[in-house]
Each structure stands twice: as structure tokens, then as C-alpha cells.
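In what follows, a structure is listed as C-alpha cells, so that the remarks can point back to it.
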Amino acid sequence: MARIISIVNQKGGVGKTTTAVNLAAWLAEFGKKVLIIDIDPQGNASAGLGIDYKNLNKGMYEVLVDPNTRITEAIKSFKPNLHILPATPDLAGAAVDLVEVEGREFKLEENIKEIFDLYDYILVDNPPSLGLLTINGLVASREIIIPVQCEYYALEGLSQLVNTIGLIREHLQPELKILGAVMTMYDSRNKLSEAVFNELYQHFPARIFRSVVPRTVRLAEAPSHGLPVREYDPKSRGSKAYQRLAREVILTETN
């Protein structure tokens, strides 16, 4: 049965989608069957795997809102063991369309049940907010990875995120737990990166991944080619960082 992991941080530009796409690519490279669920209306994870998400007939929006759309109808294949459930532009209106729907926080979880045993990992790329779409992503998940950018305002709002996770655990999904925080956009020349790490440790003692993702040109370039960095430049520092992170995540399978 799949491990369902949400990649979440309500702060934008922290490497959330980069982490979802590249962690998924390396998990697939290690022989795991992986699905990325793009529940972010921006559709960056979809574009990062070469999906023309603006011209799709069925995607995440239809899965959430249309009871006649099965989740299997919307899933696209990037590689034999790496699939994606893409976002579509209409997804931005899903929160409004679901506002009066009973059990709206559980719509994603209900759909995932149909494919739960088809994958080893399901990674949910959530929007940079704590709205209904993110709540759906968290309720459907059992574990959370929090990307944290190595910059001055990196920890801003982190307490709010932790509080939201606590509320969801209390009222909607008691099995939800934080798997760990991963530092992104790390620059070893910048003393601020070390300061962020020390402060992050106060929030998540023993829950910080050892793999640190550097700020690199290759990581920034790869999405424009519709490729994970593993496919774009497998020997780059960014690719190796996500390779290490994938190994760390796999090692937690028995924990």
C-alpha cells in the first residue's frame, strides 16, 4: 500500500514543487512506483513533468468536483513507474465549488482509495496556502515533508503551519505526522543558512533531513524543459541532493 506524503509549506517560493518532482523522480529511479498529485492551481508540478495542463480535458479539478470522473481517468504517465495527476486551470475555483459539498475536506482521500494499492509512494504537491485544497491534501496524507528555504524569512508562518497540522490531526486525520523538514536553496557561502538551520532545529528536533538541497542553476533550469533534474542533469549537485533525500525517505519505510 502507498505511503502518502504531502509536500507542504504555506510560504511560496521555498522549493516545494521542486522537492515534490525531484524526490518523486529519484524514488522512481530506485524502483518505486510513484504518483505525484498536483493539487496546486499553478500547475507547476504538472509543467515540470512536461504536461500541457492548460489543455487537459480531465485533471485534479474534475476528480474533486465531478462525481462522474474517476481518478484513473485523469492520471498521466511520465515514465512507466512515475505518474502524475495534473492540475488544470479550473482548480483555482474548486474551493468555491466545494464550499457547500458535504465532507469537502475528504474529497481527495475518497478518490485516492481507488488507487491506494497501485503505488509505493503518492506525493501531494500542495498550494502555498492553508486553504481547502491544502486541507484536502493533508487529510489524504499520512506524512508531511516541509521544505524550508535558507533565507531570513524562512521560518515566518511555520508556527501557523504546525498549528494547522495539529488541528487536522485532532479533528480530521489522526494518523498525520511530520516526517521531516528539508532545507532548500542552501548556499554554503551564506552564514544565514547556518542560522536558519539552528532555528529550524528548535522547531523540529530530530526531524530534519540530513540531505540539504543547494541553490543551483540546473535545478532552476530543469522545469523549463519539462524534466526533473534527474533527467536533465543527473550528475548535478541538485540531482545528487534529491538522490540522497530519496534514500533517506526510503530508509524511514520501516519506522
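The values are calculated or read from the model by the stated rules, or taken from the named source; none is laboratory data. Just so you know, these numbers come straight off a predicted model, no measurement behind them. All Cβ positions, glycine included, derive from the backbone under ideal geometry; neighbour counts span all protein chains shown.
With respect to GLU73, is the statement that it is over 20 Å from PRO228 (Cα atoms), acidic (Asp, Glu) and assigned to a loop (DSSP other than H, G, I, E, B) true? Show your work before the answer.
Numbers: over 20 Å from PRO228 (Cα atoms): yes; acidic (Asp, Glu): yes; assigned to a loop (DSSP other than H, G, I, E, B): no.
The answer is no for GLU73.
Tally the residues that are closer than 22 Å to GLU143 by Cα, among the basic types (Lys, Arg) and at pLDDT 95 or above, restricting the search to segment 204-255. Please lay out each step first, then the result.
Of the residues in segment 204-255, the ones closer than 22 Å to GLU143 by Cα are 204-213, 241-255.
Of the ones still in play, those that are also among the basic types (Lys, Arg) are 207, 210, 244, 247.
So of that shortlist, the ones also at pLDDT 95 or above come out as 244, 247.
Selection size over segment 204-255: 2.
Could you please give the count of residues in segment 97-112 that are under 15 Å from ILE39 (Cα atoms) and either of a type outside the set (Asp, Glu) or not in a helix (DSSP H, G or I) (or both)?
7
I need every pair where a residue in segment 21-43 that is within 17 Å of MET1 (Cβ to Cβ) and touching a residue at least 40 places away in the same chain (Cβ under 8 Å) has its Cβ under 6 Å from the Cβ of a residue that is in a helix (DSSP H, G or I) and aliphatic (A, V, I, L, M), sequence separation at least 6 or different chains.
Filtered contacts from segment 21-43: LEU27/ALA246; VAL34/ALA24; VAL34/LEU27; VAL34/ALA28.
Can you name the residue in segment 118-141 that is in contact with a helix residue (DSSP H, G or I) (Cβ under 8 Å, 6 or more places away or on another chain) and of a type in the set (Gly, Ala, Ser) and is also surrounded by the fewest Cβ atoms within 10 Å (Cβ to Cβ) among such residues? Don't jump to the end; show me each part of the working.
Going through segment 118-141, the residues in contact with a helix residue (DSSP H, G or I) (Cβ under 8 Å, 6 or more places away or on another chain) turn out to be 120-128, 130-133, 135-140.
Narrowing further to those that are of a type in the set (Gly, Ala, Ser): 131, 137, 140.
Values: GLY131: 13, GLY137: 23, ALA140: 24.
It comes out as GLY131.
What number of residues within segment 76-96 satisfy the criterion of being in contact (Cβ under 8 Å) with a residue 40 or more places away in the chain and assigned to a loop (DSSP other than H, G, I, E, B)?
The qualifying residues number 4.
Any idea which residue in segment 227-250 is nearest to the chain's Cα centre (by Cα), counting only those that are surrounded by fewer than 17 Cβ atoms within 10 Å (Cβ to Cβ) and outside any helix (DSSP H, G or I)?
That would be PRO234.
Can you find, within segment 176-203, the residue that is modelled with the highest pLDDT among those that are over 19 Å from the mean Cα position of the chain (by Cα) and of a type in the set (A, V, I, L, M, F, W, C)?
The residue in question is LEU200.
Mind checking which residues of segment 144-188 are crowded, with 19+ Cβ neighbours inside 10 Å, in contact with a Lys or Arg (Cβ under 6 Å, 6 or more places away or on another chain) and not hydrophobic (A, V, I, L, M, F, W, C)?
Hits for segment 144-188 are PRO147, GLY180.
Let me confirm something: among LEU35, LEU23, which residue is modelled with pLDDT of 95 or more, within 16 Å of SER239 (Cβ to Cβ) and not hydroxyl-bearing (Ser, Thr, Tyr)?
The unique qualifying residue is LEU23.
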